[in-house]
Amino acid sequence: MAPPKVYKNFINGEWVVSASGRTFENLNPANRNELIGLFQKSSSQDVDQAIAAAQQAYISWKNTPPPKRGEILYRAARLLAERKEGFAELMTREMGKVLEETRGDVQEAIDMTFYMAGEGRRLFGQTTTSELPNKFCMTVRSPIGVCALITPWNFPMAIPSWKIMPALICGNTLVIKPATDTPLSTYNLVQVLEEAGVPRGVVNLVTGAGGEVGNQLMTHGDVRVVSFTGSTEVGRKVSEACAARFKHCCLEMGGKNVIMVLEDANLDLAVDGAVWGGFGTTGQRCTASSRVVVHKHVYREFVDRFVARARALKVGNGLDPTVQMGPLINEAQRKTVEAYVEVGKNEGAKLLCGGERLRDGEYDRGWFYAPTIFGDCDPKMRIAQEEIFGPVVSVIPCDGLDQAIEIGNGVVYGLSSSLYTRNINNAFKAMREMETGIFYVNAPTIGAETHLPFGGTKQTGNGHREAATAALDFYSEWKSVYVDYSDKLQRAQIDT
Ligand code: UN1
């Protein structure tokens, strides 16, 4: 057997091994016997070098004309598009989700890269009036400095692109640390950026553990910006570390998203949405539709159809085009799911399907778990309150729109919500009342597009948004510029 491929860090334009001399394994969650490759188990020394490189590169990158930065991103987007199929296949192997979805993940990175490339010729500020004569006022966006980007394993190319591309187009330099479960897709993205002509030191990749690499990144004095996507628990620590040092900090954390189905809904459509929103990506999306609140008049019918569809899902290796749901990311995640299923049973929720590991044959080699639905849930049960991040959906009966909204909002998170109805009044009322950063009508809670802001309220985020022009607001700072051409001292607020 050929020795496994060893993947290196990318620091100051060079592919280098870690000072630690150690590596970690990247395994296929559908077949733990398949080693994807060995990645650098980086030390704080590697992180320091990467930050120093980014700090040095910032001096010229911040003054590179944004359209020129955009040209590099356009090239990167085209390379990603050319390599989409190969990157998707590698992503399925390291992450487990089905090929159709990993193609979507790469596509989301392509979309984001083209979008931000175009921003190179916009990055609009404002021109405005002055209260004084012969005075001109405008705002311009300024880059901030070195950004530390810490990304999760569930969207291993898309989410890094949400952070890298706006950071770059605004003129920042960066160090990215991808999740240890899925470093290859981020590696591929960084390699594309290198090929596209990003100057040395502007983009740096350091792989390794959150404790070591992540900590060093968020506490280092030369890092000005930290963007983190992951659990609320870790997000709180990131936030505290940043607060003590006044770093800009963007957090995208947990969700407990709800689909609300009213009695006038198109039930076929609602069932389609619940299956896709609940079991797509094996439920491992922050936007996953992990709760479904259904009007009691259609509750039985909805649940029967939903359960039948979940039972029929084909689970397996995502490279098989007939498979509809892949494995969980790792054994720890599967144990979490198992623990929650026990919690649900003990709380008195009705287990309608699934609730067990899948065994035998190829299932024994991976982290497979059956699509699971709990019925007759009380909205206050832990399985209806806490993020599980697996293929477990809690169905809750309700008696109308107002109660559905109350249940929907009755969690600590606020990422995404959705309503199935044919009544436009109900749709607009729910749109106004739902306390989530994303809201869908007649579609599930997943499926955000790159040109709209992405993020959530309450314990999902800290007020920032990713994607769209909202991301530019995070990766730049406003500078207000006043030009006085009156040739005399004019005092604002006084000489009026
Ligand atoms: C995530 O849930 O972690 O809206 C990101 C969606 C995808 C992104 C999801 N475009 O579901």
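The values are calculated or read from the model by the stated rules, or taken from the named source; none is laboratory data. Computed from a predicted model, the values in this text were never measured in an experiment. Cβ placement follows ideal geometry from the backbone for every residue including glycine, while neighbour counts extend to all protein chains displayed. Each accessible area value is taken on the protein alone, full model and side chains, heavy atoms only, with ligands, DNA and RNA left out. Shrake-Rupley method; radii C 1.70, N 1.55, O 1.52, S 1.80 Å.
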| message | Of everything in segment 246-271, what is over 30 Å from Asn215 (Cβ atoms), touching a Phe, Trp or Tyr at 6+ places or on another chain (Cβ under 6 Å) and part of a loop (DSSP other than H, G, I, E, B)? Give them in sequence order. | response | Ala265
| said: Could you check segment 443-461 and list, in sequence order, the residues that are open to solvent by 10 Å² or more (accessible area, probe 1.4 Å) and more than 21 Å from Gly104 (Cα to Cα)? | reply: Thr457, Lys458, Gln459, Gly461
| Top-ranked residue of segment 63-96 - restricted to ones that are among the basic types (Lys, Arg) and within 27 Å of Val223 (Cβ to Cβ), ranked as least open to solvent (accessible area, probe 1.4 Å) | Arg69
| message | Step by step: first the residues of segment 28-57, then only those that are closer than 23 Å to Ser18 by Cα and among the charged types (D, E, K, R), then the one that is least open to solvent (accessible area, probe 1.4 Å). Which residue is that? | response | Asp46
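Rundown of residues vs (1) more than 29 Å from Gly104 (Cα to Cα); (2) aliphatic (A, V, I, L, M); (3) out of contact with any strand residue (DSSP E or B) (no Cβ under 8 Å at 6 or more places or on another chain), yes/no style:
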| site | (1), (2), (3) |
| --- | --- |
| Thr287 | no, no, no |
| Glu301 | yes, no, yes |
| Ala310 | no, yes, no |
| Val315 | no, yes, no |
| Val323 | no, yes, no |
| Glu331 | no, no, yes |
| Glu342 | yes, no, yes |
| Leu351 | yes, yes, no |
| Tyr369 | no, no, no |
| request: Run Asn204 past the list (1) surrounded by fewer than 23 Cβ atoms within 10 Å (Cβ to Cβ); (2) farther than 30 Å from Val307 by Cα and report the number of the one that doesn't hold. | output: (1)
| said: Out of everything in segment 272-300 that is outside any loop (DSSP other than H, G, I, E, B) and β-branched (Val, Ile, Thr), what residue ends up being farthest from Pro379 (Cα to Cα)? | reply: Thr281
| task | Within segment 151-171, identify whether any single residue is touching a Gly at 6+ places or on another chain (Cβ under 9 Å), more than 12 Å from the ligand (Cβ to nearest atom) and assigned to a strand (DSSP E or B), and answer yes or no. | result | no
| more than 16 Å from the ligand (Cβ to nearest atom) and touching a Pro at 6+ places or on another chain (Cβ under 7 Å), is that true of Thr207? | yes
| query | Within the bounds of segment 65-80, is there any residue that is part of a helix (DSSP H, G or I), of a type in the set (D, E, K, R), without any contact (Cβ under 8 Å) to a residue 12 or more places away in the chain and at negative phi? | reply | yes
| Which of (1) in a loop (DSSP other than H, G, I, E, B); (2) open to solvent by 60 Å² or more (accessible area, probe 1.4 Å) does Ser60 not meet, given it meets every other one? | (1)
| request: Determine the pairs where a residue that is closer than 21 Å to Thr436 by Cα, located within segment 286-300, has a partner that is away from the ligand (no atom under 16 Å from the Cβ) and assigned to a helix (DSSP H, G or I) with Cβ atoms under 7 Å apart, the partner being 6 or more residues away or on another chain. | output: Arg291/Ala384; Val293/Ala404; Val293/Ile407; Val293/Gly408; Val294/Phe302
| query | Going by the conditions given, is Val238 surrounded by 24 or more Cβ atoms within 10 Å (Cβ to Cβ), more than 13 Å from the ligand (Cβ to nearest atom), at pLDDT 95 or above and over 17 Å from Ile396 (Cβ atoms)? | reply | yes
| Cross-chain or 6+ apart pairs with Cβ under 6 Å, segment 355-381 first and surrounded by fewer than 16 Cβ atoms within 10 Å (Cβ to Cβ), then part of a loop (DSSP other than H, G, I, E, B) | Glu356/Ala370
| remark: (1) under 24 Å from Val294 (Cα atoms); (2) not assigned by TED's automatic domain parsing to the domain that holds Gln403 all hold for Gly455 apart from (1)
| Residue tally, condition more than 16 Å from the ligand (Cβ to nearest atom) and touching a Gly at 6+ places or on another chain (Cβ under 8 Å), over segment 241-256 | 1
| task | Tell me which residues, restricted to segment 415-436, are surrounded by 23 or more Cβ atoms within 10 Å (Cβ to Cβ) and under 30 Å from Pro166 (Cβ atoms). | result | Leu415, Ser416, Ser417, Ser418, Met434, Thr436
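Evaluate the following for Arg311: is it over 25 Å from Thr436 (Cα atoms), away from the ligand (no atom under 16 Å from the Cβ) and surrounded by fewer than 18 Cβ atoms within 10 Å (Cβ to Cβ)?
So Arg311 fits the description; yes.
Is it the case that segment 444-455 has a residue that's more than 13 Å from the ligand (Cβ to nearest atom) and in contact with a Lys or Arg (Cβ under 9 Å, 6 or more places away or on another chain)?
no
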